[in-house]
Amino acid sequence: MKILVIGGSGQVGKGVCEKLEIMGNEVIVGAPSAGIDILTGEGLKEALDGTEIVIDLSNSKSPDDQIALDFFRTAAKHLIGAEKLAHIKHHLVLSIVGTDRAQHIGYLQAKKYQEDALVESGIPYTIIRSTQFHEHIGTIIAVQGEGRNVHVSTIDYQPIALQDVVNYVVRFALEQPKNKIVEIAGPDRGLMSDFVESYLKAKGEDKVVVSNQDDKYMFQSISKSGLVPSGEFYPGKIRFDDWKRT
């Protein structure tokens, strides 16, 4: 099949494109560097010609509230409009677990807009909400660190390995549209502070976790279980303890 992967040059996108190509599909990398720009609409008509599936892994360059909202609004307008003309059979979006439960956060308002625009478009769809990636833990340490101390809340955390995300995106994209939201998460759930402390010890880093009960993530207020699935989910296969040793 011919598949357009918006954001195909990104962290998840590269893995998705590679896996799809190995499986024998014709993959179009949707990125400005490849002449396809969802913010201007450039190249979309040509890229969608003969395309059956669109995988949307796009992301705003900034998590700033207004920048993110402007990005997803503009992207949805161009992408959905072009897809309707091309009669796309399946549109898959990668989103975030807890999006609907943390609408006080501007970036998640923008992601919810992206989800809703697709649902209301009439295009057959699947929305995958994922928990944070294992690979994101380095960002937590960098952003929430202060000298040797890393300030981390004792909120629930259930990260998933990037490779598991890639595998689920490919799997669901090639299946029939579910026309609903599905969630994916790692096989291990615990406190975010414990995950960070475990990672630092495994890597031998000279840093100390200072846990707190502020219920914050990247300085944003979040409910105690706001980052983990509240119901059924598809589990990843790669355990955090195995991943951190790589």
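For residue 57, the requirement of being modelled with pLDDT of 95 or more, open to solvent by less than 80 Å² (accessible area, probe 1.4 Å) and over 30 Å from residue 104 (Cβ atoms) is not met.
For (1) open to solvent by 10 Å² or more (accessible area, probe 1.4 Å); (2) closer than 16 Å to residue 194 by Cα; (3) among the hydrophobic types (A, V, I, L, M, F, W, C); (4) touching a residue at least 40 places away in the same chain (Cβ under 8 Å), each residue gets a yes or a no:
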position	(1), (2), (3), (4)
97	no, no, yes, yes
107	yes, no, no, yes
113	yes, no, no, yes
118	no, no, yes, yes
121	yes, no, no, yes
138	yes, yes, no, no
144	yes, yes, no, yes
153	no, yes, no, yes
156	yes, yes, no, yes
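Within region 183-234, the residues that satisfy the criterion of being small (Gly, Ala, Ser), touching a residue at least 60 places away in the same chain (Cβ under 8 Å) and assigned to a loop (DSSP other than H, G, I, E, B) are 223, 225, 226, 230. Across region 136-158, the qualifying residues are those that are hydroxyl-bearing (Ser, Thr, Tyr) and assigned to a strand (DSSP E or B), and the one among them that is nearest to residue 215 (Cα to Cα) is 153. Scan region 30-76 residue by residue and report those that are under 19 Å from residue 90 (Cα atoms), among the charged types (D, E, K, R) and touching a residue at least 40 places away in the same chain (Cβ under 8 Å). Across region 30-76, the qualifying residues are 45, 52, 56.
In the condition set (1) crowded, with 19+ Cβ neighbours inside 10 Å; (2) charged (D, E, K, R); (3) at pLDDT below 95, residue 183 is compliant with all but (3). Residue 218 meets the stated requirement of being under 26 Å from residue 147 (Cα atoms) and touching a helix residue (DSSP H, G or I) at 6+ places or on another chain (Cβ under 6 Å). The single condition from (1) over 13 Å from the mean Cα position of the chain (by Cα); (2) farther than 19 Å from residue 60 by Cβ; (3) open to solvent by less than 10 Å² (accessible area, probe 1.4 Å) that residue 166 fails is (1).
The values are calculated or read from the model by the stated rules, or taken from the named source; none is laboratory data. Keep in mind that this is a model prediction, so the values were computed, not measured. Counting neighbours? That spans all protein chains shown, and the Cβs are built from the backbone with ideal geometry, glycine included. Calculation scope for accessible area: heavy atoms of the full protein, side chains included, ligands and nucleic acids excluded. Shrake-Rupley method; radii C 1.70, N 1.55, O 1.52, S 1.80 Å.
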